[in-house]
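One structure is given below, encoded as structure tokens.
The values are calculated or read from the model by the stated rules, or taken from the named source; none is laboratory data. If you're wondering where the values come from, they're calculated on a predicted model, not measured in any experiment. Note that we place each Cβ from the backbone using ideal geometry, even for glycine, and neighbour counts take in every protein chain shown. Please note that ligands, DNA and RNA were not included when accessible areas were found on the heavy atoms of the full protein model with its side chains. Shrake-Rupley method; radii C 1.70, N 1.55, O 1.52, S 1.80 Å.
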Amino acid sequence: MTEVPAAPPAVRRSLPVRDWPLSRRVRLLRNVLPPLIVLVVAVVELLIARLPDPRAEVWAHLLFYGLVGPAATFFSVEWIAQGTRARERAERELRATYAQLSASHGQLQAVQELMRDLSGAPDLGAVVEVAARGAVRATGAAHATLTVPGGLSAAAAGEGGAAGEARFPLRVPIPGGGALALHFAEPPTPETEALAQAIAAEVATGVEAARQRTLDLMTLYSVDQSIRAERNMRRLLARVTRNMAERVQAGARAAYLRDQDGLLRLEYAEDWQGERGGRGSLAPPFVERVAEAGTPLVAAEDEAAEVFPGATSALGFPMRDEQGLVGVLVLGGRGAGAFDDARLPLLALLAAQAALGVRNARAYLYSEELAISDERARIAREIHDGVAQSLAFAALKLDVVARQLRSDPDGAEAEVRAATALLREQIREVRRSIFALRPIDLERYGLLETVRRYVEDFGQQNNIRTTLNVTGDIHLAPGDEAVVFRILQESLNNVAKHARAREVTVSLHGGHRVTLRVQDDGAGFDPSQVSGRVSSAGGLGLMQMRERVESRGGTYRVLSEPGHGTLVEAEVPQA
């Protein structure tokens, strides 16, 4: 124990005698008492020696040494004992204070550990378990039970404690719902009750933080799913902005995208009256300011009214990726300061995700345009190489008929029959092309239903018996579904054009990979002779069909020989 330095002399003189410390009392007696005793004894002996009666001298000695000496010794020792008792009392108080400080430090450390564990808990279930254990450590309870809204609960027991031995319960409500029930072996003190109240408040904070994290993850997952699955630009923007608006209770939302000229134009907007028109209109000044700043901005009241009529608050987020600005998302509200507590980092992350979605949707639209252009070129080639040449040949035959009508009526009639047969064949070819070009809504019906409808219609249109067999579970990405259906479409189209088949069987099997098989009983062909050009295995040619499948991580092959039909087989991985 650290020794307290002695007070200055002025301070020592100012203290009452009863408050002197023990060391000062002992020092005083040690220094003063011996010479004082010698002096007193000398004086008393001189006085006794002057007594005339020897008997009086004896009684004087007895009186002095038998009564006065012990009394002086007693009072001196008692004076020292008082100091000793004061010192012991001070030490006891110091030990009690130290014990209280140690207990408070332990409780504070337990509360700090509880706060740290609550902040690091990954989910709501972990928060409840951590809070129950932390409440036991901090309060010294024998047993604790914690419940929160939603049906989650957890229990914890102290070291050596049992719920049956804890006869003194303490129930503390948790702000926002739920309760913390503690059980003690001894009655809890007011300090313990106050500590339990503080712990309940920390638990409420941890539960709310876990809920927010869960909600954030669900929002990010929803936006990610929207970006992956949605190809339509307006539906994509509607989903993303709706998720953002729900996070801050915004009543209005809008999306402005940068066009090929670098101008921001309205692509989607919705307010309190529903979806707004004005698509393609130029962005207001606030949207341009957000685009220039490149960071989220809060609009002034007049700026908010320019974006959403009737709004008093607006919040703008730039959509950027590695290629630069994609657009700007804006949320609107009617209350002043509606977005003061908005979680800007999460909303900014959602805006960045939306930028990726917009890029993907635009890339998909561009790929569709390329596909349409390729299909137009293919149709033009087929018309030029097939229908156009056949019609030209029919026209030549009719010219021959015109010259033979008088000179050779029988020959003219034969030429007319040949031209008629040729025209009927070309009519069937045109119908087959029209059937193949019909729009197919894979997104609406799904792959299996679309395949079923197409195979059934193909058999009716071409007077060919068709059979469809589907086995296993089939889960393909939207792009893979389009490739598989395109292979089926091309294969059936060319069965009708070239195979002269009576029956065709289509099989779809789902396993580790999805396998499509199209088999006919037609004339067949030699694949080595037609592998690089349009063939009965597909209007795109074997090479192009194989490239389409292999670009998706799949395999493609054709088995055929003249007179023994054709088997087209394509495999792609499951999603």
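Here are the numbers for the structure shown:
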| read-out | value |
| --- | --- |
| Surface accessible to a 1.4 Å probe, Thr466 within the full protein complex, Å² | 40 Å² |
| Accessible surface ranking that places the most exposed of Arg116, Arg557 first, with a 1.4 angstrom probe | Arg116, Arg557 |
| In the range 250-342, trypsin sites (Lys or Arg not before Pro) in a DSSP loop with at most 13 other beta-carbon atoms within 10 Å | Arg279 |
| Per residue solvent-accessible surface (Å²) - the range 226-343, probe of 1.4 Å | 47 Å² |
| Length gained when the stretch Ala86-Glu503 is fully extended (0.36 nm per residue, less Cα-Cα span) | 138.6 nm |
| Within the accessible area of the range 221-352 (1.4 Å probe), percent carbon and sulfur | 46 percent |
